[in-house]
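Student: Sharing a structure with you now.
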Amino acid sequence: MSNKKSNGGGDGRPGGRRAIHPGAGRRKAVPFPKGRIHDPAEAEAVRVLIGAGPYQRALLIEYLHKIQDAEGCLPAGHLHGLADLMKIAMAEVYEVATFYAHFDVVPDAAERPAKTTIRVCDSLSCMMAGAEELIAALQSEDMPGVRVVRAPCIGSCHTAPACHVGHHHVDHATAEKVKELATGGHVHTEIPAYQTLGDYIETGGYKVLRACLAGEKAVDEIITTLSDGGLRGLGGAGFPTGRKWTFVRAEKGPRFMAVNGDEGEPGTFKDRHYLETRPHQFLEGMLIAAWAVEAQEVFIYMRDEYPAVLKILADEIPKLEAAGLIPNTKVSVRRGAGAYICGEESAMIESIEGKRGLPRHRPPYVAQVGIFNRPTLVNNVETLYWIPQIIEKGAEWFASQGKGESKGMRSYSVSGRVKNPGVALVPAGVSVRELIEHCGGMLDGHKFKGYLPGGASGGILPESMGDLPLDFGQLEKYGCFVGSHAVVILSDKDDMKAVALNLMRFFEDESCGQCTPCRNGTEKAVQLMAREDWDQPLLKDLAQVMSDASICGLGQAAANPLMSVIKYFPKDLE
């Protein structure tokens, strides 16, 4: 008995197995804590940057933005300190911080990136305008403290090539212009001239909202007006707005509302146009919608690539609160962090909740189980923009604006090989030939060859199909769709294989990685499409798998441009 007790595990040391495994037995026997040792200085450094608590789990991305803005990166120590302040696992902080492209996670402050970051857009419209040459020129420049990185679409397709220097938009970028900004000192966000609250009220703004709040208008009456007018979701899906409001109202409260301002589809910039010129018409429409569904809180999810819009909203929303125009709901702005997938409504909701932007499985739909598991109305910026005018002028006024069987006005983002790219406000259902004419015709020396009717995921159609109406439900039979009405014009100078490869590389980069068909499919497609000769049978099989088995629209539609080239541009494959 005495021998066994003194020798324990037979190694001659008192305590035997307890000496070998100090963590065994009762907790008081452990001589040191497991895991990373907490450093109070790290938590204090983060507290200075993000302010005093209490800290909300849903605001994790907002806290990460504050650290990134102040430090130029996310040092590991700050992430550990943030996890400690929020009382959540470090893994939760890391998985969110590493998911979003605009966050730079570094092991320690000594490895922080360059002070100034130049993000050059290399998506389709910018590629056609010389983005590759711009990137090469900038990378060859001697710019200490500056780094040059590629970026997906930044919502400036009509001013291609475009880039960001810090948070400063550079339109029609040249190496000289960008270098001067990047090395000239402080780079700030320029705020464009926009219609202020006072100017909007002088023109009759917020009259409809005031009537709603005063009980002079009934919700059912407004829903009927929007439905008869033919207003649909203009973010891409085209779901009837009045019907969506009805579905959300039928669910038991409390209810929430989310505004999808994550306009990341290559070729799309119409929402940015309205937010930077007439933000209050959008805000009035948003508040009418919130009133209609009795939303407890409205979350405006705005992409990080729109710094001017974020500043405008930060300035104007408090003015509305002071004017008594937001009496029954709370309005919060959530800042994206560089993730195209968050344009998908359920992924956006995950991001609003401070998590990775992973699309949810359906059902249930977000109208039933949305933000914080409550019924949630999700509307696009342009959809909300039209609401005050439709209610004021009537359903017949809006419906009569369309062409043929289409109803309403449409804001088409037009870029590519036209003389005057920009937002074309025209009747719904116009053809691409009419849009080209509206934009001053084709560029000199360019012959119309094809077009993207609905951004990167909407497919590609040939010139011979240039008279089709660009509206919901009109192009699906051809394997395409209008989506967010982002029209990119292509010419005889463009190689369709290179166009499709550029779009597939975008999808590869932006896949959230949740499902195998999209994560591996886009990567494999890029490899196959980069070859001089396409293995068409293999690419068709791959496209079918991605379309059938991906969780969300990104993977389901990623192969549309690929299939369009095979179907409509066989000569480019010879």
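No lab work stands behind these numbers, since they all come straight from the coordinates. Since the structure is predicted, the reported quantities are computational estimates derived from the model, not experimental observations. With ideal geometry, Cβ positions are generated from the backbone for all residues, glycine too; neighbour counts draw on all protein chains shown.
Student: Using alpha carbons only, how many angstrom separate the centre of segment 277-296 from the centre of segment 74-142?
Tutor: Between the Cα centre of segment 277-296 and that of segment 74-142, the gap is 34 Å.
Student: Work out, step by step, the length gained on full extension between ALA322 and ASN420: first 0.36 nm times the residue separation, then minus their alpha carbon distance; give nm to one decimal.
Tutor: Additional length available on full extension: 31.2 nm.
Student: Residue by residue, what Karplus-based ³J(HN,Hα) values in Hz, rounded to whole numbers, does segment 485-490 have, using 6.51, -1.76 and 1.60 with θ = phi - 60° and x for Gly and Pro?
Tutor: Result, ordered by residue: 6, 9, 10, 10, 8, 10 Hz.
Student: Let me spell out the model: positive unit charges on the Cβ of Lys and Arg, negative unit charges on the Cβ of Asp and Glu, origin at the Cα centre of the chain. What dipole size does that give, in debye rounded to 20?
Tutor: Details: 63 positive and 71 negative charges, 535 e Å.
It comes to approximately 2560 debye.
Student: Given N residues in segment 71-126, what is Rg(Cα) / (2.2 N^0.38 Å)? It would help to have the intermediate numbers written out before the result.
Tutor: On the way: Rg = 13.9 Å, N = 56, 2.2 N^0.38 = 10.2 Å.
Compared with the compact-globule rule of thumb, segment 71-126 sits at 1.37.
Student: Further question on the same structure: Per 20 Å bin, what percent of the C-alpha pairs of the chain does each bin hold, from zero upward?
Tutor: 19, 51, 23, 6, 2, 0
Student: Which percent, nearest 5, of DSSP beta bridges in the chain are antiparallel? Walk me through the intermediate numbers first.
Tutor: Values: 20 of 50 bridges.
Here the antiparallel bridges make up roughly 40 percent for the chain.
Student: Taking the Cα centre of segment 431-574 as the origin, how large is its charge dipole in debye, to the nearest 20, when only Lys and Arg (+1) and Asp and Glu (-1) carry charge on their Cβ atoms? Walk me through the numbers on the way to the answer.
Tutor: Details: 13 positive and 21 negative charges, 34 e Å.
Around 160 debye, computed over segment 431-574.
Student: Moving on to the next point. Taking amide hydrogens as modeled 1.01 Å from N in the peptide plane, which residues meet the under 5 Å criterion relative to LYS330, leaving out close sequence neighbours?
Tutor: GLU297, VAL298
Student: With a ≥ b ≥ c the root eigenvalues of the C-alpha gyration tensor of segment 92-174, is it rounded (a/c under 1.5), prolate (a/b larger than b/c) or oblate? If you can, show how the numbers build up before the last one.
Tutor: On the way: a/c = 2.60, a/b = 1.52, b/c = 1.71.
Oblate, since a/c reaches 1.5 and b/c is not below a/b.
Student: Suppose R0 equals 30 Å. What FRET efficiency, 1/(1 + (r/R0)^6) with r the Cβ-Cβ distance, do ASP548 and SER431 give to the nearest 0.05?
Tutor: Numbers: r = 31 Å, r/R0 = 1.05.
About 0.45, to the nearest 0.05.
Student: Also, quick follow-up: Translational diffusion coefficient, Stokes-Einstein: compute it for segment 332-424 using the Kirkwood radius over C-alpha pairs as Rh, at 37 °C and 0.692 mPa s, and state it as an integer in µm² s⁻¹. Before the final figure, lay out each step's value.
Tutor: Numbers: Rh = 16.2 Å.
The diffusion coefficient I find is 203 µm²/s.
Student: So, one more: Using only the Cα atoms of segment 298-368, build the gyration tensor, take square roots of its eigenvalues as a ≥ b ≥ c, and label the shape rounded, prolate or oblate: rounded if a/c is under 1.5, else prolate if a/b is larger than b/c, else oblate. Present the calculation step by step, with values, prior to reporting the outcome.
Tutor: Details: a/c = 3.55, a/b = 1.52, b/c = 2.33.
It is oblate, given that a/c is not under 1.5 and a/b is not larger than b/c.
Student: Separate question: Need one word for segment 112-255: rounded, prolate or oblate. Basis is the Cα gyration tensor (sqrt eigenvalues a ≥ b ≥ c); a/c below 1.5 gives rounded, then a/b vs b/c decides.
Tutor: Working: a/c = 3.07, a/b = 2.33, b/c = 1.31.
Verdict is prolate for segment 112-255.
Student: Could I ask something else about it? With the convex hull built on the Cα atoms of segment 466-533, state its orientation-averaged projected area in nm². Provide the component values of the computation, followed by the final result.
Tutor: Working: hull surface 24.8 nm².
One quarter of the hull surface, i.e. the mean projection, equals 6.2 nm².
Student: If you don't mind, there's one more thing I want to ask. For each pair in LYS244/LYS355; LYS419/LYS449; LYS447/LYS571; LYS493/LYS571; LYS217/LYS270; LYS540/LYS571, compute the distance between the two Cα atoms and list the pairs where it is over 20 Å.
Tutor: On the way: LYS244/LYS355 25 Å; LYS419/LYS449 15 Å; LYS447/LYS571 16 Å; LYS493/LYS571 14 Å; LYS217/LYS270 30 Å; LYS540/LYS571 17 Å.
Too far apart for the 20 Å limit: LYS244/LYS355; LYS217/LYS270.
Student: Still on this structure, please answer the following. Let me spell out the model: positive unit charges on the Cβ of Lys and Arg, negative unit charges on the Cβ of Asp and Glu, origin at the Cα centre of segment 131-260. What dipole size does that give, in debye rounded to 20?
Tutor: Values: 13 positive and 15 negative charges, 166 e Å.
Rounded to the nearest 20 debye, it is 800 debye.
Student: Starting from the amide H of VAL105, placed 1.01 Å from N in the peptide plane, find each other amide H under 5 Å away whose residue is 5 or more places distant or on another chain.
Tutor: Amide H neighbours of VAL105, under 5 Å, 5+ apart: LEU74.
Student: Among GLY53, PRO469, ALA218, whose Cα sits farthest toward the positive end of the charge dipole of the chain (+1 at Cβ of Lys/Arg, -1 at Cβ of Asp/Glu, about the Cα centre)?
Tutor: So the residue we want is GLY53.
Student: So, by mean Cβ neighbours within 10 angstrom, what's the order for 557-566, 236-245 with the highest one leading? Write out the running numbers ahead of the final one.
Tutor: Numbers: 557-566: 24.6, 236-245: 19.4.
Highest-to-lowest ranking by the protection proxy: 557-566, 236-245.
Student: Return the sequence-ordered ³J(HN,Hα) values of segment 89-101 in whole Hz as given by the Karplus equation 6.51 cos²θ - 1.76 cosθ + 1.60 applied to θ = phi - 60°, using x for Gly and Pro.
Tutor: Karplus values, whole Hz, x for Gly and Pro: 5, 4, 4, 5, 5, 5, 5, 6, 4, 8, 7, 9, 5.
Student: Which listed residue (SER564, ILE436, PHE239) has the Cα farthest towards the positive end of the charge dipole for the chain, taking +1 on Lys and Arg C-beta and -1 on Asp and Glu C-beta about the Cα centre?
Tutor: PHE239
Student: How far is the Cα center of segment 557-571 from the Cα center of segment 424-443, in Å?
Tutor: Measuring centre to centre over Cα atoms gives 23 Å.
Student: If you don't mind, there's one more thing I want to ask. With unit charges on the beta carbon (Lys/Arg positive, Asp/Glu negative), name the residue among SER123, MET496, TYR100 whose Cα is farthest towards the positive pole of the charge dipole of the chain.
Tutor: Projecting each Cα onto the dipole axis, the largest value belongs to TYR100.
Student: Another question, then. Kindly write out, for segment 320-337 in residue order, the coupling ³J(HN,Hα) from the Karplus curve 6.51 cos²θ - 1.76 cosθ + 1.60 (θ = phi - 60°), rounded to whole Hz, with x marking Gly and Pro.
Tutor: 5, 4, 5, 7, x, 8, 10, x, 10, 8, 10, 10, 10, 9, 10, 9, x, 9
Student: For ASN380, list long-range residues whose amide hydrogen, built 1.01 Å from N in the peptide plane, is under 5 Å from its own amide hydrogen.
Tutor: Long-range HN contacts for ASN380: LEU234, GLY235, ASN260.
Student: If you scale each eigenvalue of the Cα gyration tensor by 5 and take the root, what three semi-axes come out for segment 258-409, rounded to whole angstrom and sorted largest first? Walk me through the intermediate numbers first.
Tutor: Values: eigenvalues 110, 74, 61 Å².
Each semi-axis is √(5λ); the values are 23, 19, 17 Å.
Student: Sorted by average packing, counted as other Cβ atoms within 10 angstrom per residue and highest first, what order do 141-154, 367-380, 336-349, 470-483 take? Before the final figure, lay out each step's value.
Tutor: Values: 141-154: 17.4, 367-380: 21.9, 336-349: 25.4, 470-483: 20.1.
My ranking of the peptides, most packed first, is 336-349, 367-380, 470-483, 141-154.
Student: Further, regarding this structure: For segment 38-103, build the convex hull from the C-alpha positions and give me its volume per residue in Å³. Can you show the working numbers first?
Tutor: Numbers: hull volume 4.9 nm³, N = 66.
Dividing the Cα hull volume of segment 38-103 by its residues yields 74 Å³.
Student: Taking the highest mean first, how do the peptides 283-290, 172-179 order by number of other beta carbon atoms within 10 angstrom per residue? Don't skip to the answer; put the middle values down first.
Tutor: Working: 283-290: 26.1, 172-179: 17.0.
The most tightly packed comes first, giving 283-290, 172-179.
Student: Work out, step by step, the length gained on full extension between LYS207 and PHE239: first 0.36 nm times the residue separation, then minus their alpha carbon distance; give nm to one decimal.
Tutor: Length gained between LYS207 and PHE239: 8.8 nm.
Student: Once the Cβ-Cβ distance between LEU573 and VAL526 is put in as r, and R0 is 22 Å, what FRET efficiency do you end up with, to the nearest 0.05?
Tutor: Details: r = 17 Å, r/R0 = 0.76.
About 0.85, to the nearest 0.05.
Student: When the helix-only estimate is applied to the chain (DSSP H runs of n ≥ 4, each -39,500 (n - 2.57), divided by the residue count), what is the mean residue ellipticity at 222 nm, nearest 500 deg cm²/dmol?
Tutor: Numbers: 25 runs with 235 residues, N = 574.
Helix contribution divided over all residues of the chain: -12000 deg cm²/dmol.
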